[in-house]
1. Look at region 253-290 and say how many of its residues are touching an Asp or Glu at 6+ places or on another chain (Cβ under 8 Å), within 16 Å of the ligand (Cβ to nearest atom) and either among the aliphatic types (A, V, I, L, M) or assigned to a helix (DSSP H, G or I) (or both).
2. Would you tally the residues in region 35-85 being in contact with a Leu (Cβ under 7 Å, 6 or more places away or on another chain), crowded, with 20+ Cβ neighbours inside 10 Å and among the charged types (D, E, K, R)?
3. Which count do you get for residues in region 136-165 that are in a loop (DSSP other than H, G, I, E, B) and either away from the ligand (no atom under 12 Å from the Cβ) or surrounded by fewer than 21 Cβ atoms within 10 Å (Cβ to Cβ) (or both)?
4. For residues that are at pLDDT 95 or above and of a type in the set (S, T, Y), scanning just region 166-201, find the one that is surrounded by the fewest Cβ atoms within 10 Å (Cβ to Cβ).
5. Please enumerate the residues belonging to region 203-214 that are in contact with a Gly (Cβ under 8 Å, 6 or more places away or on another chain) and either over 13 Å from E228 (Cα atoms) or touching a residue at least 60 places away in the same chain (Cβ under 8 Å) (or both).
6. V300 fails exactly one of the following numbered conditions: (1) away from the ligand (no atom under 16 Å from the Cβ); (2) of a type in the set (V, I, T); (3) free of Cβ contacts under 8 Å to residues at least 60 places away in the same chain; (4) closer than 27 Å to L37 by Cβ. What is the number of that condition?
7. What single numbered condition from (1) without any contact (Cβ under 8 Å) to a residue 40 or more places away in the chain; (2) assigned to a loop (DSSP other than H, G, I, E, B); (3) of a type outside the set (A, V, I, L, M, F, W, C); (4) within 16 Å of the ligand (Cβ to nearest atom) fails to hold for R247?
8. Just a yes or no: is a residue in region 118-139 out of contact with any His (no Cβ under 8 Å at 6 or more places or on another chain) and over 25 Å from I28 (Cα atoms)?
Amino acid sequence: MTSTTPLIEPGRFPAGRLAFPHAHLTGIGHLERHEILFLLAAAEEWVKLNREGEKRREILAGRTIINAFFENSTRTLLSFEIAGKRLGADVVNMAAATSSLKKGETLLDTAITLSAMRPDAIVIRHGSSGAPQLIAQKVDCPVVNAGDGSHEHPTQGLLDALALREALKRRGDASEDFTGLTVTICGDILHSRVARSNILCLQAMGASVRLCAPPALMPAGIEAMGVEPFYDFDAALDGVDVVMMLRLQTERMAGRFIPSAREYHHLYGLTRSRLANAASHALVMHPGPMNRGVEIDSEVADMIDRSIITQQVEMGVAIRMACLDVLTRERRGVEGWS
Ligand code: CP
């Protein structure tokens, strides 16, 4: 595979740059259905590579990627680092905790400083909604949103879609999209960028989305997104094909939103008996990190025939490889992308 080899067979998507005309990936909300499918198809190629012994391709050799994470991360940071390295790039992780932000430097000055080092992509996670979009306006390279406040986590939405599609494929469903599927997302919807990106991605791919949360953790007016809100978890699970559980984001909560973790688990925790309300084939997802015994029981999280939580992590590397590849094609002079 060379930097000029198209990854996708011709005719399936618009050609070249038209397949993904965006300079940055700041949210799923900006993407068309065919652009999502294009990224998923690109990632499928990287899933194959990642399962081989020799996992390196040099398409980003000589390129530099900066991971600037201003919030904690295990999965996203590591998988972006692995993704960049598997593509042959030099990957630098900025340690936000020991950066000059602590000396009062603004986010924009930090972004301009990073840009002056001429990276080929900047991956940013930040606690403020809109921070990656702001930075994208100030730098000369693609910016990837690795999670901004309660707004979006686009690569999580994409990797969840890929993991779900792969799981359905393993069961013999070769559909490219999720038409006819009903997904329940349950947990702290109010603070969840994962929920937002997943709602947008699942709907773009044809799924119906139900949301379930305690009233205090359900955003007002969420119906405008075309979802069905529930406050009773058993009703929300009735007959669904997929259950996606979210943790309580206590770090974003000012004050008490739930009486206790014990009571939350009683009402909104996914237990084996509660899962029986869903379709008998229902798959279980969780973006991590999990709080076992709060939003999900271990015996559900670890069900080998139903839980695809580990596969979600695996797909994260492939999706991030696809995003770094596609977003840097123009500057790499890939045919049809300039
Ligand atoms: N799902 C997710 O974003 O996990 P991390 O916070 O560990 O990156």
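1. Looking only at that region, the number is 1.
2. 0
3. 9
4. Per the stated criteria, the residue is T179.
5. G206
6. Only one criterion in (1) away from the ligand (no atom under 16 Å from the Cβ); (2) of a type in the set (V, I, T); (3) free of Cβ contacts under 8 Å to residues at least 60 places away in the same chain; (4) closer than 27 Å to L37 by Cβ is unmet by V300, namely (4).
7. Only one criterion is unmet by R247, namely (1).
8. Yes - at least one qualifying residue is present in region 118-139.
The values are calculated or read from the model by the stated rules, or taken from the named source; none is laboratory data. Since this is a predicted model, take the numbers as computed values, not measurements. Neighbour counts are summed over all protein chains in view; Cβ atoms, including those assigned to glycine, are modelled from backbone coordinates with ideal geometry.
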